[in-house]
Every structure is written in structure tokens, then in C-alpha cells.
1. If you place +1 on the Cβ of every Lys and Arg and -1 on the Cβ of every Asp and Glu, how big does the dipole about the Cα centre of region 11-154 come out, in debye to the nearest 20?
2. Please turn the phi angles of region 139-153 into ³J(HN,Hα) values with the Karplus equation 6.51 cos²θ - 1.76 cosθ + 1.60 (θ = phi - 60°), one per residue in order, whole Hz, x for glycine and proline.
3. Sort the following peptides by mean Cβ neighbour count (other Cβ atoms within 10 Å, averaged over residues), highest first: 28-36, 46-54.
4. Find how much the distance from residue 26 to residue 7 grows on full extension, using 0.36 nm per residue of separation minus their present alpha carbon separation; answer in nm with one decimal.
5. Under unit Cβ charges (Lys, Arg +1; Asp, Glu -1), what dipole magnitude, rounded to 20 debye, does region 3-83 have relative to its Cα centre?
6. Here are some values of Cα extents along the principal axes in Å: (1) 61, 49, 34; (2) 62, 33, 27; (3) 57, 38, 30. Which one was computed from this structure?
7. Per residue, how much accessible area does region 124-192 show when a 1.4 Å probe rolls over the protein heavy atoms, in square angstrom?
8. State the percentage of accessible surface on the chain attributable to carbon and sulfur atoms; use a 1.4 Å probe and exclude ligands, DNA and RNA.
Amino acid sequence: MSSDDLEALALLYDPVRRSLYDVVVSSGGDVGRGEAADAAGVSRTLAGHHLDKLVEAGLLESGFRAPVKKGPGSGRPAKVYRRAAGERSVSLPPRDYVTLASALADVVDALGAEEAAEKAARSAGARIGGRRRGEPVDRVLNGRGYEPYTAEGGRTRLRNCPFHVLAEEQPLLVCSMNLALCQGLLEGLGDDPGRARLDPRPGECCVVLDASPTP
């Protein structure tokens, strides 16, 4: 944990900043000042001030959206905001689980133990789901950092990958284990594990949950 991480996350203690941050993150894309202000119920000027503070802290990124109308009189490009690609974490005292997890992933790869790793991940998911049996899967997934949302066809897509750093290093292994974990989670919850499958999309988790069949 660095002091920068702590200071950045402390900004979210302010309810207006937290609301604006949540608006941007939940959109899954670029959000203009006006859109964020309306959603958070604050003025455009106040929204712009807080959004720029979140950019300075590295929690959001900013850019510009070209006006729909082209040519003279089209106006200036609108400033937009999106979730920053980096990660922030706070741990007291400092912990480093990622380095060890990365080393273990390398061992699995070197030993060719992917099948055993997937089996262990599914069992871990089943244990987690079993402790929350009967609860809505979206609530459980959200509590574990997946940020689920309903997409086309009633599918549940996951806006965030909780294992992003490892997935960048070992995408095949980590994505297959993530799928097994989600399948086990569904099984533990009393849901159909077959709903979970791989369907990678840029900027999102590689796992998607198909809609439950209509009774």
C-alpha cells in the first residue's frame, strides 16, 4: 500500500465524489459531465470539479467526445470520463498476495496441472456458493467484485475481472480457473453451473452467465 493509494481512495469518502465515481464505473464506457451530474443529482459545475479531482487521483481517466454535428457551429468536443485502467488497494499492514499467486500460476503451468487447478477452483466456488445458497447470483457476484449487469438476451455479463493482473500474465490458465470457479459458485448456490461459459469481451471479465431458462 502506498500513501498515494490511501489518498486516492480517501477521496471516495465524499458522498458526491463516490456517487459520481459509481455513475462512471457502472456505465461501462465514457460519461459526459452533464450525464454524470444528472445521474448524481448535482450541478454540472460541481460534477466537473469532483470528476477532475478523481482524474488527478488516478481513479478515473478523461478524454473528449467529438460533437455529433460536424462543421461550423458544431461546438467543442465534450469532455468525458471513464474508469482508469490501474488498480488501487489498501491493506494494513501491507500484504502482497499477487506475487505469490503469480508464482503459483507459473508452477501450475510448468507442471501441466491445469486440470487439477480447474477442479480446485470449482470446489472453491462451490464452497463459497454453499455458504450463500439460495441468494441471487448477481448479489453474490457483486460482493466478490465482478460487477454483474444484465446484457443482451438476459445474459449476465461481468464488468470487472477480480483476477485481472494474473489474467494478464496467464490468460488461458486464469480464465479457465475463473470459469470453473463461477461454475462451482452457481452449483453451490443451487443454480445451473452450465449457465457460465467463456465469452471474452475487451475491458470485461471473460465469463458470461446465460439467462436462466424460462419455466
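The values are calculated or read from the model by the stated rules, or taken from the named source; none is laboratory data. Everything quoted here is computed from the prediction, not taken from an experiment. As a convention, Cβ positions derive from the backbone with ideal geometry for all residues, glycine included, and neighbour counts pool all protein chains shown. Just so you know, the surface numbers come from the protein's heavy atoms only, side chains and all, with ligands and any DNA or RNA stripped out. Shrake-Rupley method; radii C 1.70, N 1.55, O 1.52, S 1.80 Å.
1. Working: 22 positive and 19 negative charges, 118 e Å.
The calculation lands at about 560 debye.
2. 5, 5, 4, 5, x, 9, x, 7, 6, x, 8, 7, 10, 4, x
3. Working: 28-36: 18.1, 46-54: 19.7.
Averaged packing, sorted descending, gives the order 46-54, 28-36.
4. Working: separation 19, 0.36 × 19 = 6.84 nm, distance 2.25 nm.
Extra length available between residue 26 and residue 7 comes to 4.6 nm.
5. Numbers: 12 positive and 11 negative charges, 122 e Å.
Computed about the Cα centre, the dipole is about 580 debye.
6. (1)
7. On the way: 3380 Å² over 69 residues.
I get 49 Å² per residue for region 124-192.
8. Summing carbon and sulfur atoms, their accessible area is 54 percent of the total for the chain.
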